[in-house]
Amino acid sequence: MTSAQSRTDTTRLLAALNAGNSSARLKAALAIGTHAEPEAVDLLVARSGIEPDFFVRDMLTWALTRLPPESTVPRLVAALRSERAQDRGQALHTLSKIGDRSAWPAIMPVLLRDPDDEVARTAWRTATVLVADEEKESLAAELARQFGRGDREVRLSLSRALVALGDMIEPVLQTAETDSDPEVRAHANATRRLLHDPDAGFDLSVAVATRIVALGPEQPVSGEDSPTC
């Protein structure tokens, strides 16, 4: 294939990323990733922020992971500053797949506090992938500030992110379990239960933790001498 033909094919693939048909966009993202087209970085990142189809977004992420981090990471970090939530969320997701820790300063702490729940959940998960060992205590403290936030799925995501950091989260759990807000105390207690029993059901952990907060730790829960999951 001549260089002119190669440029023509690349131009066609880039145009196909904006096709009206999701199947065409999926195939284009696959082809770009397969051939690791470096000139596609900007369009891949931009398309990720507006792509409505989950499978196409996943393929766009895969295509970006096939390109050199020195090209992709700066563009993804720039997308973290976008006013559009999907831009931020998809950039975070892709950064977690690339695993380049140079993106860490752009995430901590502002993205962990993102007002959009879905973006924040992605940021929590990404942070546990990119955090260096010496930053884990700071990350745990920042995540603990979110106890009591959101619905079941948001709280479960936060608990999983904290549990992924391991036993070093014990101090922040102890602090949160004495918070004046019963929702914070219950969420922290449920997270502790998951830390020590990863197979425990989150709903049951929350229910038991809520009752512990209401009754006090010395009171029996559900007719048992001590709460279990």
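The values are calculated or read from the model by the stated rules, or taken from the named source; none is laboratory data. Predicted, not measured: the structure shown is a model, and the values here were computed from it. Cβ: placed from backbone, ideal geometry, glycine included. Neighbour counts: every protein chain shown. These area figures cover heavy atoms from the full protein model, side chains too; ligands, DNA and RNA do not enter into them. Shrake-Rupley method; radii C 1.70, N 1.55, O 1.52, S 1.80 Å.
On the stretch given as the range 116-134, residues that are acidic (Asp, Glu) and in contact with a Gly (Cβ under 7 Å, 6 or more places away or on another chain) total 2.
Within the bounds of the range 171-186, is there any residue that is hydroxyl-bearing (Ser, Thr, Tyr), under 12 Å from Ala144 (Cα atoms) and modelled with pLDDT of 60 or more?
Start the filter on the range 171-186 by keeping residues that are hydroxyl-bearing (Ser, Thr, Tyr), which leaves 175, 178, 180.
If we keep only those that are under 12 Å from Ala144 (Cα atoms) as well, we get 175.
From what is left, the residues that are modelled with pLDDT of 60 or more are 175.
Within the range 171-186, one or more residues are hydroxyl-bearing (Ser, Thr, Tyr), under 12 Å from Ala144 (Cα atoms) and modelled with pLDDT of 60 or more.
Quick one: is Leu139 at pLDDT 95 or above, aliphatic (A, V, I, L, M) and either in contact with a Phe, Trp or Tyr (Cβ under 9 Å, 6 or more places away or on another chain) or crowded, with 17+ Cβ neighbours inside 10 Å (or both)? Here the answer is yes, as Leu139 does meet what is asked. When Glu70, Glu83, Glu37 are screened for being more than 28 Å from Leu156 (Cα to Cα) and without any contact (Cβ under 8 Å) to a residue 12 or more places away in the chain, only Glu70 passes. The condition of being farther than 22 Å from Ser96 by Cβ, surrounded by fewer than 21 Cβ atoms within 10 Å (Cβ to Cβ) and more than 18 Å from the chain's Cα centre (by Cα) holds for only one of Ala24, Ala46, Ala36, Ala28, that being Ala24. Consider the range 142-162. How many of its residues are open to solvent by 40 Å² or more (accessible area, probe 1.4 Å) and either assigned to a helix (DSSP H, G or I) or farther than 23 Å from Val110 by Cβ (or both)? Qualifying residue count, the range 142-162: 4.
Within the range 64-94, which residues are surrounded by fewer than 20 Cβ atoms within 10 Å (Cβ to Cβ), closer than 16 Å to Ala36 by Cα and among the polar types (S, T, N, Q)? Across the range 64-94, the qualifying residues are Thr65, Ser71.
Collect the residues in the range 115-136 that are within 16 Å of Leu92 (Cβ to Cβ) and open to solvent by 10 Å² or more (accessible area, probe 1.4 Å), keeping them in residue-number order. It would help to see each step written out before you state the result.
Our first condition is that a residue be within 16 Å of Leu92 (Cβ to Cβ); within the range 115-136, this holds for 115-131.
Correct list: Pro115, Asp116, Asp117, Glu118, Arg121, Thr122, Arg125, Thr128, Val129.
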